[in-house]
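First up is the structure itself, then whatever we jot down about it.
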Amino acid sequence: MEKVINLNCPGCGAPVSTKHKICEFCTRPIVIASITAIASMSTLEVNKYANAYRKELATNPDSKDLHMSLAMCYFKLKMYDNAAVPFAKAIEDNFDNSETFFYAAINLLKGKKAFVAPRADIDKILEYLNAAIMIEPRGIYHYFLAYIKNDYFERKYLNITPNWKNELETAIETGLPNADITQFSEILQVEMPECLSV
């Protein structure tokens, strides 16, 4: 169980704790577990949040919530290399949050298409996505696998089983709302290939 930490709200400075996900005073997030929580924030606000999490991590270096929150801030700021360490810390011994693995996998692409990523990063992405699927088999995770297998393996004429078509079928069978695909494409900052249209 994650230790509850008392801190000041990164949004308004009010005293809060990580037990609550939203500040009761400013209704801004306290703990950031997905990009949705900070999607509408300005760069200035996200920097403010990142500074607050860095400061709090100095006294609570083992907090997975704070590491995840800091990683998401860096990710939103497109500071992918900086996000890698807090993502890794958030993943350590945290085998019940599939989204941590999902966002850590997206971060490894560093805002680029899978085709140009180094093979070591692709292998780590596959590892993270398979871990996410073991925790919670969501359609979007299989869809991300289909994208990786199509844009990296298929385009480089490399065989992998199951292939991207099998992963796409699994994604659809598991449940894949169009809204998830749209949000995923926006997060990845790439247009999905026509063959991955559902």
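On the accessible surface of segment 119-164, probed at 1.4 Å, how many percent belong to carbon and sulfur atoms?
Here carbon and sulfur together make up 49 percent of the probe-accessible area.
Between Leu57, Leu108, Leu145, where does the largest GNM mean-square fluctuation fall for the chain, given springs only between Cα atoms within less than 10 Å?
Its mean-square fluctuation being the largest, the pick is Leu57.
Could you identify which residue out of Ile133, Ile35, Ile160 has the top mean-square fluctuation in a GNM of the chain using Cα springs shorter than 10 Å?
Ile160
Gap in Å between the Cα centre of segment 45-64 and the Cα centre of segment 161-198?
33 Å
How tilted is helix 178-188 with respect to the longest principal axis of the chain? Cα atoms for both, answer in degrees (0 to 90, nearest 10).
Helix 178-188 and the main axis of the chain meet at about 80 degrees.
Expressed as a whole percentage, what fraction of the accessible surface of segment 1-116 belongs to carbon and sulfur atoms when a 1.4 Å probe is rolled over the protein heavy atoms?
Answer for segment 1-116 is 54 percent, counting heavy atoms of protein chains only.
Quick one: angle between helix 98-108 and the longest Cα principal axis of the chain, in degrees between 0 and 90, rounded to 10, please.
Roughly 70 degrees between the two axes.
Two decimals is fine: what's Rg over Rh for segment 1-106, C-alpha atoms, Kirkwood radius as Rh? Write out the running numbers ahead of the final one.
Working: Rg = 12.4 Å, Rh = 13.5 Å.
Radius of gyration over Kirkwood radius for segment 1-106 works out to 0.92.
Averaging sequence separations of C-alpha pairs under 8 Å and six or more residues apart, then dividing by the length of the chain, give the relative contact order as a whole percent. It would help to have the intermediate numbers written out before the result.
Details: 265 pairs, mean separation 25.5, N = 198.
So the answer I get is 13 percent.
Once fully extended, how much extra length lies between His20 and Asn166, figured as 0.36 nm per residue of separation less the alpha-carbon to alpha-carbon distance? If you can, show how the numbers build up before the last one.
Numbers: separation 146, 0.36 × 146 = 52.56 nm, distance 3.98 nm.
Result: 48.6 nm gained on full extension.
Using Cα-Cα distances under 8 Å and only pairs 6 or more residues apart, what relative contact order does segment 1-92 have, in percent? Before the final figure, lay out each step's value.
Values: 131 pairs, mean separation 21.0, N = 92.
The normalised contact order for segment 1-92 reaches 23 percent.
Which angle between 0 and 90 degrees, to the nearest 10, do you get for helix 43-59 versus the longest principal axis of the chain when only C-alpha atoms count?
Result, in degrees: 70.
Write down the radius of gyration of segment 17-66 and its Dmax, each obtained from C-alpha positions, in Å.
10.9, 29
Scale the Cα Rg of segment 77-131 by the rule-of-thumb value 2.2 N^0.38 Å and send over the ratio, two decimals.
Scaled against compact globular proteins, the figure is 1.07.
Considering only protein heavy atoms, what per residue accessible area in square angstrom results for segment 119-168 with a 1.4 angstrom probe?
About 49 Å² of surface per residue is accessible.
Out of Tyr157, Tyr103, Tyr143, any idea which swings most in a Gaussian network model of the chain, alpha carbons joined below 10 Å?
With Cα springs under 10 Å in the chain, the top fluctuation among Tyr157, Tyr103, Tyr143 is at Tyr157.
Compute the orientation-averaged projected area for segment 118-194 from the convex hull of its Cα atoms and round it to one decimal in nm².
5.0 nm²
Once the convex hull of the alpha carbons of the chain is built, what does its volume come to per residue, in cubic angstrom?
Working: hull volume 23.1 nm³, N = 198.
Dividing the Cα hull volume of the chain by its residue count gives 117 Å³.
Normalized C-alpha radius of gyration of segment 137-180, against 2.2 N^0.38 Å?
1.11
Hey, if we sort Asp65, Asp151 by accessible area with the 1.4 Å probe, largest down, what's the order?
Asp65, Asp151
Under a Cβ-Cβ cut-off of 12 Å, what is the net charge of the residues other than Ile140 that fall near it, where Lys and Arg count +1 and Asp and Glu count -1? List each step's numbers first, then the result.
Numbers: positive: Arg138; negative: Glu99, Glu136, Glu167, Asp180.
Surrounding charge for Ile140 is -3.
The values are calculated or read from the model by the stated rules, or taken from the named source; none is laboratory data. Remember, predicted model here, so these are calculated numbers, not experimental data. Ideal geometry is used to build each Cβ from the backbone, glycine not excepted, and the neighbour counts take in all protein chains shown. Side chains are part of the model used for accessible areas, which takes the heavy atoms of the whole protein and leaves out ligands, DNA and RNA. Shrake-Rupley method; radii C 1.70, N 1.55, O 1.52, S 1.80 Å.
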